[in-house]
Amino acid sequence: MLSWSTVIAAGLAVTGTQGTPVELAERATPTVYLAGDSTMAKGSGAYTGWGDYLSKYVTVPVVNKAIGGRSARSYTNEGRFAEIERLLKRDDIVVIEFGHNDGGSPNSASDNGRSDCPGTGNEVCKSGKTGETVYTFNRYVETAARMFVAKGARVIVSSQTPNNLFEGGTFNPGVPRFVGYAALAAKNVGNGASFVDHFRAVANMFLKLGSARTNALYPSDHTHTNAAGADQVAQAFVQAVSRDLNGTTPLKPYLRSPVPVVF
Ligand SMILES: *[C@@H]1O[C@H](CO)[C@@H](O)[C@H](O)[C@H]1NC(C)=O
């Protein structure tokens, strides 16, 4: 006769003596996939993204699929969300974080292939360069998220990282519109999607660090950090997850302790 714990460890569906369901054994470890731009991508020197640092702080494998220069639109058009979808297994986690390259006007004759159509719904634009139909940030992100959820994965929509908020020495509290768009995307997708305000977490960290220490993380421009900055930006994400900053996410059970405290 097997003991209950053996049965449970084997992951079999069992019913307790009271007729109440007994919790099943935890499934195999999920993999975390990261979709984003240069601020998340593997980089080097003054252009180091935060994605490769996440694995220092979580107990599950991280696959960093972020690519420099991409927006929600170009990541979609290049088939990169579709590539992640093919890799996903049930309960895997995908973090989607865009915004830095999503601004601008697709209608312009010099459309760069990255600007999304303005708005947060089903608005459409036409590329002034190629005639391509261009959709909103929300349409691209929500379409990808729904595709992942349909495969049984969980999605964390994360707001873009801030630029150097102490550029010029004084704190700039401005929040780009894509931060709110990301929150809305998670809300619109509903079940299976959650939101992390990574922008807010990093902004709060910078406030704590102050001007000199924040500026030291941006040796080259106001968007990209050095390796120390990338590590800090990853820590802010992890702390936000641990604190349920904007709701509970499926990554929380997989944080290594102690969880960093940077804001
Ligand atoms: C996320 O939560 C923090 C803390 O409550 C809040 O300051 C921030 O505005 C929230 N972000 C969004 C986009 O709602």
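Listed here are the residues, each with its yes/no results for (1) part of a loop (DSSP other than H, G, I, E, B); (2) within 16 Å of the ligand (Cβ to nearest atom); (3) farther than 18 Å from residue 64 by Cα.
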| position | (1), (2), (3) |
| --- | --- |
| 219 | yes, no, yes |
| 229 | no, no, no |
| 233 | no, no, no |
| 239 | no, yes, yes |
| 259 | yes, no, yes |
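Select from the range 202-217 the residues that are part of a helix (DSSP H, G or I), away from the ligand (no atom under 16 Å from the Cβ) and open to solvent by less than 40 Å² (accessible area, probe 1.4 Å) and list them in ascending order. Spell out how you get there, then give the answer.
The initial filter retains those residues of the range 202-217 that are part of a helix (DSSP H, G or I), namely 202-209, 211-215.
Retained after the next criterion (residues that are away from the ligand (no atom under 16 Å from the Cβ)): 209, 211-215.
Of everything in the range 202-217, those that are part of a helix (DSSP H, G or I), away from the ligand (no atom under 16 Å from the Cβ) and open to solvent by less than 40 Å² (accessible area, probe 1.4 Å) turn out to be 209, 211, 214.
Only one of the listed residues (195, 199) is part of a strand (DSSP E or B), at pLDDT 95 or above, among the hydrophobic types (A, V, I, L, M, F, W, C) and within 13 Å of the ligand (Cβ to nearest atom). That residue is 195. Are any residues in the range 241-257 open to solvent by 60 Å² or more (accessible area, probe 1.4 Å) and more than 16 Å from the ligand (Cβ to nearest atom), and if so, which ones? Hits for the range 241-257 are 253, 256, 257.
Among the residues of the range 228-262, those identified as hydroxyl-bearing (Ser, Thr, Tyr) and touching a residue at least 12 places away in the same chain (Cβ under 8 Å) are 242, 248, 249, 254.
Can you name the residue in the range 152-166 that is closer than 22 Å to residue 66 by Cα and part of a loop (DSSP other than H, G, I, E, B) and, of all such residues, is nearest to the ligand (Cβ to nearest atom)? If you could, list the steps in order and put the result at the bottom.
First, the residues of the range 152-166 that are closer than 22 Å to residue 66 by Cα: 152-164.
Filter once more, so that each one left must be part of a loop (DSSP other than H, G, I, E, B): 152-153, 159-164.
Values: 152: 27, 153: 23, 159: 6, 160: 11, 161: 14, 162: 13, 163: 17, 164: 20 Å.
The residue in question is 159.
Here residue 127 clears all of (1) closer than 26 Å to residue 187 by Cβ; (2) open to solvent by less than 30 Å² (accessible area, probe 1.4 Å) except the condition numbered (1). Looking across the range 167-184, just one residue is near the ligand (Cβ under 9 Å from one of its atoms), touching a residue at least 40 places away in the same chain (Cβ under 8 Å) and either β-branched (Val, Ile, Thr) or closer than 19 Å to residue 221 by Cβ (or both), and that is 179.
Residue under question is residue 52, and the condition is that it be open to solvent by 50 Å² or more (accessible area, probe 1.4 Å) and under 18 Å from residue 198 (Cβ atoms); does it hold?
Working: open to solvent by 50 Å² or more (accessible area, probe 1.4 Å): yes; under 18 Å from residue 198 (Cβ atoms): yes.
Against the criterion (open to solvent by 50 Å² or more (accessible area, probe 1.4 Å) and under 18 Å from residue 198 (Cβ atoms)), residue 52 qualifies.
Looking across the range 158-201, just one residue is of a type in the set (Asp, Glu) and buried (at least 20 other Cβ atoms within 10 Å of the Cβ), and that is 197.
Residue count for the range 86-120 under the criterion of being open to solvent by 30 Å² or more (accessible area, probe 1.4 Å) and either more than 19 Å from the chain's Cα centre (by Cα) or modelled with pLDDT under 95 (or both): the result is 8.
The values are calculated or read from the model by the stated rules, or taken from the named source; none is laboratory data. Remember, predicted model here, so these are calculated numbers, not experimental data. In this analysis, Cβ positions are derived from the backbone assuming ideal geometry, glycine residues included, and neighbour counts consider all displayed protein chains. Protein only, heavy atoms only, side chains kept; ligands, DNA and RNA dropped before computing areas. Shrake-Rupley method; radii C 1.70, N 1.55, O 1.52, S 1.80 Å.
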